[in-house]
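> Sharing a structure below in structure tokens format, with a few things to ask.
The values are calculated or read from the model by the stated rules, or taken from the named source; none is laboratory data. Fair warning: this is a prediction, and the values are worked out from it, not measured in the lab. When we count neighbours, we look across all protein chains shown, and the Cβ atoms used for this are built from the backbone with ideal geometry, even at glycine.
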Amino acid sequence: MGEGQLRVGTSGYAYKEWKGSFYPEKFPDKKMLEFYAARFSTVEVNYTFYRLPSAKTVEPWIPQTPEGFTFALKATQKITHIMRLRNAGDLVTAFLQGVQPLVEAKRLGPVLFQLPPNFKADLPLLGDFLSSLPRALRAAVEFRHQSWFDAATYQCLHDHNAALCIAETEDGRAPLEITAGFAYFRLRKVDYPAEELKAWRERFEKWRAEGRDLYVYFKHEDQGTAPRYAAALLK
């Protein structure tokens, strides 16, 4: 098995607040993606959480990014928060149809299914939902209720080659359980000192050496720290 790829980026890129720190001071908004994609290999898109994506929306992203660049998309809240994974097959189909241009251009990364904080563990439901997804789809699941974090959940994810989203905030971190052939990380703390970035880098190198592709996203802050942390991690 060869080494996996380490893909590091930020959650979103189109932030006017980053002008002067990441983007040049006076920089056209329409050039942001091209500028960002010249420096990082992936981005997490939150836009798709609020509305179903369409080919018209995503097609313009492709010529602005180089080959090998990937978009990780947050699944629409209708799937995760309204339907709460139940009978969501039609919505998943519509979501994936909307991003088909990214699939064809090999720009689609993982799809993140972020569950609401009051969504308690329901393994039969999770198993049924994951079984309904296309096998080729890289699905990551972010649990925000503590009842999910146990061996049975990790086994369910493993059985469907779905990744446990390892999210870290000031309040804590999801267990470092790698459940799929790839892994998904959301580093949401405000501050990441050099020693913490070094510790993460060492973990990433170990998992990458095992052949796993890793997707890592730093949280948007108005001060523009996210791209700085992402760049530092890649050095």
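> If you go through segment 170-223 one residue at a time, how many are in a strand (DSSP E or B) and at pLDDT 95 or above?
13
> Take the residues of segment 13-35 that are surrounded by 18 or more Cβ atoms within 10 Å (Cβ to Cβ) and touching a residue at least 60 places away in the same chain (Cβ under 8 Å): which is nearest to Y229 (Cα to Cα)?
F22
> OK, next. Those residues that are closer than 23 Å to E142 by Cβ and surrounded by fewer than 18 Cβ atoms within 10 Å (Cβ to Cβ), I need them from segment 41-56; list them, please.
Answer for segment 41-56, where residues must be closer than 23 Å to E142 by Cβ and surrounded by fewer than 18 Cβ atoms within 10 Å (Cβ to Cβ): N46, Y47, F49, Y50, R51, L52.
> So G224 passes all but one of these: (1) on the phi < 0 side of the Ramachandran plot; (2) in contact with a helix residue (DSSP H, G or I) (Cβ under 9 Å, 6 or more places away or on another chain). Which condition number does it fail?
(1)
> Return yes when L52 is in a helix (DSSP H, G or I) and either closer than 16 Å to V216 by Cα or in contact with a helix residue (DSSP H, G or I) (Cβ under 6 Å, 6 or more places away or on another chain) (or both) and no when it is not.
No.
> Considering only segment 22-49, state which residues are assigned to a loop (DSSP other than H, G, I, E, B), among the basic types (K, R) and at pLDDT 95 or above.
Listed by number, the list holds a single entry, R39.
> Is there any pair with a first residue in segment 174-203 that is without any contact (Cβ under 8 Å) to a residue 60 or more places away in the chain and a second that is in a helix (DSSP H, G or I) and basic (K, R) whose Cβ atoms are under 8 Å apart and which are 6 or more apart or on different chains, and what are they?
Close Cβ pairs satisfying both conditions: L176/R203.
> Another question about this same structure. So which residues in segment 80-112 are in contact with a strand residue (DSSP E or B) (Cβ under 7 Å, 6 or more places away or on another chain) and either modelled with pLDDT under 95 or farther than 19 Å from F182 by Cβ (or both), if there are any at all?
The answer is T80, and nothing else.
> OK, next. Would you pick out the residues in segment 135-156 that are part of a loop (DSSP other than H, G, I, E, B), modelled with pLDDT of 95 or more, out of contact with any Phe, Trp or Tyr (no Cβ under 8 Å at 6 or more places or on another chain) and not aliphatic (A, V, I, L, M)?
Passing the criteria: only D150.
> Ok, one more. Would it be correct to say that F129 is in a helix (DSSP H, G or I) and in contact with a strand residue (DSSP E or B) (Cβ under 9 Å, 6 or more places away or on another chain)?
yes
> Say whether the condition of being within 24 Å of D90 (Cα to Cα) and among the acidic types (D, E) is met by at least one residue in segment 143-156.
No, because not a single residue in segment 143-156 is within 24 Å of D90 (Cα to Cα) and among the acidic types (D, E).
> What are the residues in segment 55-95 that are among the hydroxyl-bearing types (S, T, Y) and either part of a loop (DSSP other than H, G, I, E, B) or in contact (Cβ under 8 Å) with a residue 40 or more places away in the chain (or both), if any?
Hits for segment 55-95 are T57, T65, T70, T76.
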